[in-house]
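The structure under discussion appears below in the form of structure tokens.
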Amino acid sequence: MILVDSRVTSTPDWALYAKIPSLIQVIGSVSGIELARYDVDTIELVRDSFEKATQANSKRGRPVTFDFVDVHFGAVKDEKQRAALNKVGTNFHISDAQADALIAAGRQVLRESVEFQSFLARIR
């Protein structure tokens, strides 16, 4: 399974200033944290479910395998490129250049992924 996580990470603007953030800004940050935590919990639930199914369905001489590859912006090594990707909106209205950058970054992350390369080696 390849999980493509398009979630962006950003620093709220109010964190850069000495003044106290508004209630709306604080609620936005807290709710964002809660949603991110929900995503992490959901991913772990899916991973655990597939691993249990793999174990339950494996037979002697006929093993069932499960590979979980997580593709996310955090895996992009170049800080400048990662920052640019984090600025791309998560909607269906992106430029051709943004689409090309996302595809290239995903390709690079997969090429550098130990899990994905292990999967490819096993199926070849």
- Scoring only Lys, Arg, Asp and Glu (+1, +1, -1, -1) among other residues with Cβ under 13 Å from the Cβ of V64 yields +3
- Query: Can you list the chymotrypsin sites (Phe, Trp or Tyr not before Pro) in the stretch 92-124 that are in a DSSP coil and have 15 or fewer other beta carbons within 10 angstrom?
  - Reply: F92
- Message: For a Förster distance of 30 Å, can you work out the FRET efficiency between the beta-carbons of F92 and L3, rounded to the nearest 0.05?
- Response: 0.90
- Item | Proxy reagent accessibility, fewest Cβ within 10 Å first, across V69, V4, V114 | V114, V4, V69
- Item | Extension gain (nm, one decimal) between L45 and F66, 0.36 nm per residue minus Cα-Cα | 6.1 nm
- What aspartates and glutamates could a cross-link reach from K52, if we take a straight Cα to Cα line under 17 Å and drop same-chain neighbours fewer than 8 places away? D41, E44, D67
- Note on the structure: Ordered by fewest other Cβ atoms within 10 Å, a rough proxy for footprinting exposure, T42, T54 read T42, T54
- Message: If I model a spin label at I103 and A83 as a point 7 Å from the Cα along the Cα→Cβ vector, what separation in nanometres do I get?
- Response: 2.7
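No lab work stands behind these numbers, since they all come straight from the coordinates. No experiment lies behind these values; they were computed from the predicted model shown. Positions of Cβ are generated from backbone atoms using ideal geometry, with glycine treated the same way; all protein chains shown enter the neighbour counts.
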